[in-house]
Amino acid sequence: MGSMPTENVDTVRRGYDAWNRGDLDAVREIYAPDVVANAGGLWPAAGEVEGPEAIIHEFASILAVFETSELVPEDFIERGDRVVVPTCWRGTLAGSGSVIEQRLAAVYTLRDALVVRIDYVGSLDEALKLAERAGGRA
């Protein structure tokens, strides 16, 4: 604890801040051209989505259904070239006022301070195992 956040953590934090401002262009800026995202069953697309435009398209389709959408990062845990972020996602459905919350964890893999892979999973334990299995180093 107490160590300064690295460039990788700063990159991921910028993405969360941009999402919470509703600025998908700024989210796109943290992605490498060859970025791949896999959310399993946590978003509309099946399996992996490749490339910044395709990923932003998925995010935009999610945002279109909600009046508000907020990602609340609970921690930024570094594992080598990966950053694991346990997250509470909160959204208000358009026209209903109903608030939906979902807990998930994201594993961001970075290269040259850009995100090259995102894996969204259901729990922090699962995310940490994935980060270690993928070769992340503590």
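How far, in degrees from 0 to 90, does helix 124-133 lean away from the longest principal axis of the Cα atoms of the chain, to the nearest 10? Approximately 40 degrees, to the nearest ten. Remark: the range 36-42, residue by residue, has Karplus-estimated 3J(HN,Hα) of 10, 10, 9, 10, x, x, 8 Hz, where x stands for each Gly or Pro and the curve is 6.51 cos²θ - 1.76 cosθ + 1.60 at θ = phi - 60°.
The H on the amide N of F66, modeled in the peptide plane, is under 5 Å from the matching H of A94, each at least 5 residues off or on a different chain. Among residues other than A105 with Cβ under 15 Å from its Cβ, the summed charge is -2 (Lys and Arg +1, Asp and Glu -1).
Between E29 and E70, the distance separating the two model label sites (each 7 Å from Cα on the Cα→Cβ line) works out to 2.4 nm. By accessible area, using a 1.4 Å probe on protein heavy atoms only, the range 3-43 has 49% of its surface on carbon and sulfur. In order along the range 62-75, the Karplus-derived 3J(HN,Hα) couplings, from 6.51 cos²θ - 1.76 cosθ + 1.60 at θ = phi - 60°, round to 6, 4, 4, 8, 10, 6, 9, 8, 9, 9, 10, x, 9, 5 Hz, and Gly and Pro are given as x. Of D112, D10, D25, the order by accessible heavy-atom surface (1.4 Å probe, DNA, RNA and ligands excluded), from most exposed downward, is D112, D25, D10. Amide H contacts of D81: R137, each under 5 Å away and 5 or more positions distant or on a separate chain (H built 1.01 Å from N in the peptide plane; Pro and chain starts excluded). What GluC sites (Glu not before Pro) in the range 35-80 are in a loop by DSSP, with at most 16 other Cβ atoms within 10 Å of the Cβ? Within the range 35-80, the qualifying GluC sites (Glu not before Pro) (loop, at most 16 other Cβ atoms within 10 Å) are E74.
Across the range 21-27, rounded Karplus estimates of 3J(HN,Hα) from the backbone phi angles (6.51 cos²θ - 1.76 cosθ + 1.60, θ = phi - 60°) give 8, x, 9, 5, 5, 5, 4 Hz, Gly and Pro being marked x. Start at zero, step by 5 Å, and the Cα-Cα distances of the chain spread as 2, 10, 19, 25, 23, 12, 5, 2, 1, 0 percent across the bins.
Excluding ligands, DNA and RNA, the accessible surface per residue across the chain is 52 Å² with a 1.4 Å probe.
Per the 1.4 Å probe, what fraction of the accessible area of the range 57-135, in percent, lies on carbon and sulfur atoms? It is 52 percent, rounded to a whole number.
The values are calculated or read from the model by the stated rules, or taken from the named source; none is laboratory data. Values in this document were obtained by computation on a predicted structure and should not be read as measured data. Every residue, glycine among them, receives a Cβ derived from its backbone with ideal geometry; neighbour counts consider all protein chains shown. Please note that ligands, DNA and RNA were not included when accessible areas were found on the heavy atoms of the full protein model with its side chains. Shrake-Rupley method; radii C 1.70, N 1.55, O 1.52, S 1.80 Å.
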